Structure formats: C-alpha cells, structure tokens
Amino acid sequence: MTDAAAELMVVEDDPIVRRSVVDALSRSGHSVMAFGDGAEALQALRTRLPEALIVDRMLPGASGDEICRYVRSVSELPIIMLTALGAVEHRIAGLEHGADDYVAKPFSLRELQLRLGSLLRRSSPSAAAFVAGPFRLDPLRRSVRRDSAQIQLTSRELELLVHLARHPGEVLSRDELLRQVWGWDVGDPSTVTVHVRRLREKIEPEPRFPRYLLTCWGQGYRFDPEGRG
C-alpha cells in the first residue's frame with residue numbers, strides 16, 4: 001500500500017466493473033462502500049460522507065452529475081468521475097458538475113489507483129500558509145480567504161490556486177499545469193480550462209472581468225496578486 005488508507009465510496013452500475021474497482025481498492029488497504037444505484041448512493045451520502053468518491057456518470061436512480069452536485073453542496077471531498085462518454089464536451093460537463101478528475105472507460109485499475117492516490121495526497125497538503133495579494137492561502141487547513149471572506153474550494157481548485165499563487169506573474173501553459181497540478185504527462189487541456197473557470201467564479205469579484213487569474217491568449221494563465229487585470 002503506497003497511500004494512507006481512506007474510506008471510499010464507489011458508485012458504478014456495471015457489476016463487473018464495480019467488483020473489480022472495489023477489489024483493487026480494498027487490496028490497497030482502503031475501506032470501500034459500493035453502490036450500483038445512484039439513488040441509493042445519494043441516500044447513503046446524506047447519512048455519511050466518505051473521504052473520496054468514485055462515481056459513474058450514467059447511473060440508474062440518480063445520475064453521477066446529480067450525485068456530484070449534491071456532494072459539492074455539502075463538501076469539498078475529492079471526486080473522480082468514471083465515464084464511457086469519451087467526447088470532450090461530456091468530460092467537461094462532469095468537471096463542471098464538481099468532479100475533480102475523470103477516467104474514461106475502458107480504464108486500467110492502476111491508472112484509477114494512481115489518480116485516486118494523487119487526489120488523496122493533495123486533498124490534505126502540508127505546505128505553510130502564505131499571502132498573495134488579498135488572498136491568504138492555508139493549504140494545511142484547506143482554507144482560502146480574500147480579505148476577510150472565506151472561499152470554499154475543491155481540493156483540485158485549491159491546489160491550482162496555490163500553484164499559480166506561488167508563481168506570481170509567471171505564464172503557465174495548460175500542459176504545464178496538467179503536469180504540475182494534476183500530475184498528468186498526457187491529458188485533455190480543457191480540464192484546466194474548466195477548473196480555471198470554476199476558480200474564477202469563486203475568487204474574482206467579477207468573474208467575467210478577471211483581475212487575479214488572467215488568460216494570456218495562446219500561452220496559458222498567470223496569477224496577478226495586485227489584481228490589475
């Protein structure tokens with residue numbers, strides 16, 4: 001076992017896929033709750049939240065999108081979405097509903113374990129708190145404030161903001177951010193685009209006219225702690 005054991009929930013209606021995922025994660029030392037029906041999973045989530053969620057997008061009872069929206073209304077726990085829908089727009093939709101990461105079917109169990117391990121490690125980072133412009137970022141406590149206002153971020157949004165804020169004024173491409181924040185050597189750059197948009201909605205006074213998280217067209221993104229836009 002390479003990562004600390006965690007309490008997980010797997011929601012997948014294909015019994016073969018569900019059993020394979022549960023067995024692999026259990027062998028890694030995790031405690032796993034498993035459901036094949038989205039409505040049953042939602043009922044369980046209202047009683048007790050896991051430390052991380054792995055959820056199929058297409059489910060009976062309640063969709064993976066519905067489950068993500070509920071979880072995001074009450075928690076910032078890491079979410080990985082499983083999807084057989086390979087088109088970019090379907091993957092983006094899952095991210096916009098609150099997933100931190102996605103794995104397209106068919107997938108290798110090893111890939112799923114690596115991505116889960118990355119999210120679990122990064123959901124409780126140990127770096128010291130620091131100030132960047134009006135923001136006070138405390139990765140250890142998973143806390144971000146702009147002036148006196150608390151901002152609720154998912155684990156991936158927090159890591160993205162922390163990384164950008166530690167490189168003020170530096171233009172970072174989407175491919176660089178995929179490697180440095182997601183740990184992906186190969187991936188869909190639109191994943192970064194979706195997370196930047198979600199992050200702006202939470203940290204910018206006017207998300208349509210960003211002042212802190214800026215786009216450098218054709219190059220990437222940069223963080224301006226002065227908020228000059």
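Throughout, read-outs are computed from the coordinates displayed, never taken from laboratory work. Being a predicted model, the structure only gives us computed values, none of them experimental. Please note: Cβ atoms are built from the backbone with ideal geometry, for glycine as well, and neighbour counts cover all protein chains shown.
Data table
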{"item": "Karplus (6.51, -1.76, 1.60) ³J(HN,Hα), θ = phi - 60°, over region 11-25, in Hz, Gly and Pro reported as x", "result": "10, 8, 7, 7, x, 5, 5, 4, 5, 4, 5, 4, 4, 5, 6"}
{"item": "Per-residue ³J(HN,Hα) for region 224-229, Karplus 6.51 cos²θ - 1.76 cosθ + 1.60, θ = phi - 60°, Hz, x for Gly and Pro", "result": "10, x, 7, x, 7, x"}
{"item": "Derived scalar couplings ³J(HN,Hα) [region 50-67; Karplus, 6.51 cos²θ - 1.76 cosθ + 1.60; whole Hz; x for Gly, Pro]", "result": "x, 7, 7, 10, 10, 9, 6, 7, 9, 9, x, x, 8, 6, x, 4, 4, 5"}
{"item": "Mean projected area in nm² (Cα convex hull; one quarter of hull surface) for the chain", "result": "12.2"}
{"item": "Helix-only [θ]222 nm of the chain, DSSP H runs n ≥ 4, -39500 (n - 2.57) each, per residue, nearest 500", "result": "-11500 deg cm²/dmol"}
{"item": "Neighbour cut-off at most 14 other Cβ (10 Å), DSSP loop, GluC sites (Glu not before Pro), region 166-211", "result": "Glu170"}
{"item": "For Ala62, residues with placed amide H under 5 Å, excluding near neighbours", "result": "Gly38, Ala39"}
{"item": "Dipole of the chain, positive end: most advanced residue of Pro225, Val103, Val194 [Cβ charges, Cα centre]", "result": "Pro225"}
{"item": "Residues with amide H under 5 Å from that of Tyr102, placed H, sequence gap 5 or more", "result": "Met81"}
